[in-house]
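Reviewing the structure listed below.
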Ligand SMILES: [Zn+2]
């Protein structure tokens, strides 16, 4: 681990609904990866202050995808504070309101409740800055991972081997996140589940040496992921995992 890696901090400043990661030391200044749901606003600000960062000092929000539990506060940071918000072009069209996504199914229970919120109160960020695969913002590279949403991305910090994986690679058992463990995306919240798995299949062949995963839900996971991810995908191919998730979602 070189000196730069050791001084590169990544702090989980929001976690109760969705994870919000504060990166105070990027070349562009402090940024957030994802910004959480409305109800997390106060906690996020409080935790940022604990680490010496105020809203005024933020230089950007890097969204892993457009879902409101990750993007609601990004809309506020953009509209009220003029902070640039970056999202993949395919999700940016929805965030601007230029396109309407296919609604998520709304089954009974907590899954349906989250889906209804997303369907009826999506995040809107008129000034969102579109990025594409390979773009680098604040030292993090956008890797297109379509499927969970059309414009889902991984944000990859090569120097530290840190991957911000959003909802495409979780470290919890969805839809609730009390059971920790690397997991595939949750089928009920995916725009195109099969495409998200194809994205992960491609990623599993990738050469990048992941040392740490900071997901959209669940705590950070230290260590390589390829072996576990390959097993998860294999289990899915055998049909085991998808059946189990469907049963949970009923
Ligand atoms: Zn999501």
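Scanning the range 215-231 for residues that are more than 16 Å from the ligand (Cβ to nearest atom), surrounded by 14 or more Cβ atoms within 10 Å (Cβ to Cβ) and within 19 Å of the chain's Cα centre (by Cα), we see that the one that is modelled with the lowest pLDDT is 224. Do the conditions hold for residue 174, that is, is it within 17 Å of the chain's Cα centre (by Cα), in contact (Cβ under 8 Å) with a residue 12 or more places away in the chain, within 16 Å of the ligand (Cβ to nearest atom) and farther than 23 Å from residue 31 by Cβ? It is true that residue 174 is within 17 Å of the chain's Cα centre (by Cα), in contact (Cβ under 8 Å) with a residue 12 or more places away in the chain, within 16 Å of the ligand (Cβ to nearest atom) and farther than 23 Å from residue 31 by Cβ. In the range 138-152, the residues that are within 20 Å of residue 209 (Cα to Cα) and in contact (Cβ under 8 Å) with a residue 24 or more places away in the chain form Cβ pairs under 7 Å with partners that are within 11 Å of the ligand (Cβ to nearest atom) and assigned to a loop (DSSP other than H, G, I, E, B), at six or more places apart or across chains, as follows: 145/152; 145/168.
For the range 52-74, a residue qualifies if it is outside any helix (DSSP H, G or I) and surrounded by 20 or more Cβ atoms within 10 Å (Cβ to Cβ), and the qualifying residues are 53, 58, 60, 61, 62, 63, 64, 65, 66, 67.
Of the residues 212, 179, 124, 198, only one is more than 15 Å from the ligand (Cβ to nearest atom), farther than 20 Å from residue 63 by Cβ and modelled with pLDDT of 95 or more; which?
198
Screening residue 30 against (1) outside any strand (DSSP E or B); (2) surrounded by 15 or more Cβ atoms within 10 Å (Cβ to Cβ) leaves a single unmet condition, (1).
Can you name the residue in the range 158-171 that is part of a loop (DSSP other than H, G, I, E, B) and more than 13 Å from the ligand (Cβ to nearest atom) and, of all such residues, is surrounded by the fewest Cβ atoms within 10 Å (Cβ to Cβ)?
159
Can you tell me which residue within the range 33-51, out of those that are part of a loop (DSSP other than H, G, I, E, B) and in contact with a strand residue (DSSP E or B) (Cβ under 7 Å, 6 or more places away or on another chain), is farthest from residue 117 (Cα to Cα)? Only one residue fits best here, namely 51. Against the list (1) within 16 Å of the ligand (Cβ to nearest atom); (2) at pLDDT below 95, the condition residue 155 fails is (2).
Report yes if some residue within the range 188-196 is surrounded by 19 or more Cβ atoms within 10 Å (Cβ to Cβ), out of contact with any strand residue (DSSP E or B) (no Cβ under 7 Å at 6 or more places or on another chain) and assigned to a loop (DSSP other than H, G, I, E, B); otherwise report no. Scanning the range 188-196, I find at least one residue that is surrounded by 19 or more Cβ atoms within 10 Å (Cβ to Cβ), out of contact with any strand residue (DSSP E or B) (no Cβ under 7 Å at 6 or more places or on another chain) and assigned to a loop (DSSP other than H, G, I, E, B), so the answer is yes. Taking the stated definitions as given, is residue 175 buried (at least 18 other Cβ atoms within 10 Å of the Cβ), in a loop (DSSP other than H, G, I, E, B) and touching a helix residue (DSSP H, G or I) at 6+ places or on another chain (Cβ under 6 Å)? It is true that residue 175 is buried (at least 18 other Cβ atoms within 10 Å of the Cβ), in a loop (DSSP other than H, G, I, E, B) and touching a helix residue (DSSP H, G or I) at 6+ places or on another chain (Cβ under 6 Å).
The values are calculated or read from the model by the stated rules, or taken from the named source; none is laboratory data. Values in this document were obtained by computation on a predicted structure and should not be read as measured data. For neighbour counting, all protein chains shown are included, and Cβ atoms are generated from backbone atoms with ideal geometry for every residue, glycine included.
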